[in-house]
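To start, the structure under review is shown below, and the notes come after it.
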Amino acid sequence: MLAVLQGLATIGIVVGVGYLLARTSLLPAGTPVVLSRLVFFVATPALLLETLAGASISAVLSAGLAVTALTTTVAWSLYLLVARLWWKRDTASVVVGSLASSYVNAGNLGIPLAVYVFGDAALVAPVMLYQLVVLAPVAFVVLDMVESGRRPSWRRVLIQPVRNPVIVASVIGISLAATGAHIPQLIDAPLKLIAGMAVPGALIAFGISLRGAPIPGRGGRAADLSLAAALKLVVMPVAAYALGRWVFGMSGVPLLASTMCAALPTAQNVFVYAVRYKAAVPLARDAVATSTLLCIPVLVVIAGLLS
């Protein structure tokens with residue numbers, strides 16, 4: 001447990017540095033956006049490519065991937081049933097709420113957690129792959145249908161994952177691991193240098209974004225927010241632990257990693273998607289802020305119980 005707490009403390013300190021930078025106004029206002037895009041489009045793909053290329057293929061296509069798929073489905077389905085059948089929310093709001101209940105912040109917080117707590121970024125790769133290859137495209141299809149009033153083309157659906165640099169880098173890394181091929185030294189050296197920017201860059205950008213964040217609950221439905229937060233921070237980690245231990249026979253670090261990944265807060269991408277489709281924006285914003293704040297004690301409790 002001490003190692004987990006030290007890892008969380010390290011993450012918290014770096015996030016605090018970002019927050020202090022925002023407080024001092026040392027950096028321009030657009031820094032979080034620029035830094036986040038740099039991390040997402042350049043540093044994170046480099047990190048995943050390096051990590052997956054040197055990882056065992058069984059560590060990526062593992063029980064953790066099945067646990068992620070099932071726990072996400074549980075949270076998504078429960079929100080959909082309550083919001084659609086009981087509360088009669090519109091389709092777009094249900095999709096955004098379902099994402100807020102199940103789409104974890106695997107990039108900004110998942111990778112740093114895996115690196116500093118477990119020493120292996122590959123542990124979060126199954127989560128990112130499932131969310132980017134399955135969850136996000138499915139949500140986009142439904143939201144596109146609501147926005148346009150017609151079914152989107154299959155071509156747009158199929159090329160959506162291919163346009164994501166994280167997915168492309170992950171596929172290349174997995175292919176290298178499966179074939180036993182190695183990255184040439186001339187390419188490997190700069191890749192490692194760029195990859196080293198991913199974790200601190202993501203944490204500092206996240207810390208900067210906390211400056212001036214709105215108070216959760218303003219402008220949104222409290223019931224929707226409460227349901228999304230409960231599913232994200234309670235139901236998902238409990239389901240991940242139960243499935244991992246009693247269905248897939250996981251134990252030790254893999255079980256702890258799957259449970260902690262399930263307890264990560266709602267990804268900031270959900271807010272981006274909500275703004276893009278003009279659907280349940282207050283709910284998405286509040287879910288990100290609330291789950292980010294409350295996930296800290298949840299992660300500490302999980303570490304204490306499972307370490």
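Observations on the model:
- Qualifying aspartates and glutamates (Cα of each under 16 Å from Cα of Lys278; at least 8 residues distant if same chain): Asp90, Asp144, Glu147, Asp286
- For the chain, with +1 on Lys and Arg beta carbons and -1 on Asp and Glu, the positive-most of Ala267, Ile296, Leu52 along the dipole: Ala267
- Solvent exposure, largest accessible area first (probe 1.4 Å, DNA, RNA and ligands not counted), of Asp120, Asp144: Asp120, Asp144
- Rounded, prolate or oblate (a/c below 1.5 giving rounded, otherwise prolate when a/b exceeds b/c) for segment 178-289 by Cα gyration tensor: oblate
- FRET efficiency for Val275 and Leu61, using Cβ-Cβ distance with R0 set to 30 Å, rounded to 0.05: 0.35
- Gyration tensor verdict on the chain (Cα atoms; rounded if a/c is under 1.5, prolate if a/b is larger than b/c, oblate otherwise): rounded
- Once both labels are positioned 7 Å from their Cα atoms along Cα-to-Cβ, the gap between Arg211 and His182 label points is 4.5 nm.
- A straight chain from Leu20 to Trp87 at 0.36 nm per residue would run longer than the Cα-Cα distance by 20.0 nm.
- Axial C-alpha extent at least 24 Å, average Kyte-Doolittle at least -1.0 - helices from the chain (DSSP): 2-24, 63-80, 281-306
- For Val104, the residues 5 or more places off, or on other chains, whose built amide H falls under 5 Å of its own are Ala267.
- Straight Cα distances below 22 angstrom link Lys232 to the lysines Lys88, with same-chain residues fewer than 8 positions distant left out.
- Shape analysis of segment 11-141 places it in the oblate category; the axes a ≥ b ≥ c from the Cα gyration tensor give an a/c of at least 1.5, with a/b not above b/c.
- Positive-pole candidate from Ile187, Val142, Ser175, dipole of the chain, charges at beta carbon: Val142
- Theoretical FRET efficiency, 1/(1+(r/R0)^6), r = Cβ-Cβ of Ile159 and Val234, R0 30 Å, to 0.05: 0.25
- With a simple spin-label model that places each label point 7 Å from the Cα along the Cα-to-Cβ direction, the separation between Ser175 and Ala222 comes to 5.3 nm.
- Extension gain for Trp246 to Asp120 (0.36 nm times residue separation, less C-alpha to C-alpha distance): 42.9 nm.
- Over the chain, Cα pairs under 8 Å with separation of 6+ residues give a relative contact order of 33 percent.
The values are calculated or read from the model by the stated rules, or taken from the named source; none is laboratory data. The structure presented is a predicted model; accordingly, all values stated were derived computationally and were not measured. As a convention, Cβ positions derive from the backbone with ideal geometry for all residues, glycine included, and neighbour counts pool all protein chains shown. Ligands, DNA and RNA are excluded from the accessible area calculation, which covers all protein heavy atoms including side chains. Shrake-Rupley method; radii C 1.70, N 1.55, O 1.52, S 1.80 Å.
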